[in-house]
1. Calculate the FRET efficiency for Ala39 and Ala11 from the Cβ-Cβ distance with a Förster distance of 30 Å, rounded to the nearest 0.05.
2. Among Ala60, Ala27, Ala77, determine the one that fluctuates most according to a GNM of the chain built with springs between C-alpha atoms less than 10 Å apart.
3. Which ³J(HN,Hα) values in Hz, rounded to whole numbers, follow from the phi angles of region 137-142 under the Karplus curve 6.51 cos²θ - 1.76 cosθ + 1.60, where θ = phi - 60° and Gly and Pro get x?
4. Hey, got a sec? Which chymotrypsin sites (Phe, Trp or Tyr not before Pro) in region 80-146 land in a DSSP loop and have at most 11 other Cβ atoms within 10 Å?
5. Helix 9-44 versus the longest principal axis of the chain: what angle, 0 to 90°, nearest 10, using Cα atoms?
6. May I ask you to give the percent of accessible area on region 1-138 that is carbon plus sulfur, with a probe radius of 1.4 Å?
7. For the chain, what does -39500 (n - 2.57) per DSSP helix run (n ≥ 4), summed and divided by total residues, give at 222 nm, in deg cm²/dmol to the nearest 500?
8. Could you calculate the contour length gain from Ala137 to Asn52, that is, 0.36 nm times the residue separation minus the distance between their Cα atoms, to one decimal place in nm?
Amino acid sequence: MTSELPTTLRARLALGAATAREDLVEAGSFLALGAAFAAALHVLVPQDWYRNLAGNMLPAGVVMVALAIVLALCSEADAFVTASTSALPLMPRIVFLVVGPAVDVELMTMQAGTDGRGFVARFAPLALLVTVVCGTAAGTAILGWR
């Protein structure tokens, strides 16, 4: 069954408004989820941990990569989490933003269901390596090493 697009301006505007409302509600739920995770990080993680990671690029990077894989958030929510970790160096936060959409628990579960566990065992480490290298290279090109 094919649905035809509206031909009148009023009908097109109504369709556009309905689509915008749907997108806003969907994106809004992800934004709320990201804000909740960011708030939880501030409440549950002791500030001493942030201070200890702030001067250590490699451990901060490992922590942010692990968070990206475990949290399995969308890019809108990733931005909230990244903003809430402002005590950490910029590089690990950029890597977090790059790794999150490419390698996370949700994606690995879906890939295992469709392509099998063997595929995930080969693909996930490779995707993780590529995203960490690309995120680090982009961050270095833009920010220098900080």
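1. 0.10
2. Among Ala60, Ala27, Ala77, the largest GNM mean-square fluctuation belongs to Ala27.
3. Here the 3J(HN,Hα) series is 5, 5, x, 5, 5, 8 Hz.
4. Passing both the DSSP loop test and the Cβ count: Trp145.
5. Helix 9-44 and the main axis of the chain meet at about 20 degrees.
6. 70
7. Value at 222 nm, helices only, nearest 500: -27500 deg cm²/dmol.
8. Gain in length upon complete extension: 28.2 nm.
The values are calculated or read from the model by the stated rules, or taken from the named source; none is laboratory data. Note that the structure is predicted; figures quoted are calculated from it, not measured. All Cβ positions, even for glycine, are placed from backbone atoms using ideal geometry, and neighbour counts span all protein chains on display. Keep in mind that these areas ignore ligands, DNA and RNA; they rest on the heavy atoms of the full protein, side chains included. Shrake-Rupley method; radii C 1.70, N 1.55, O 1.52, S 1.80 Å.
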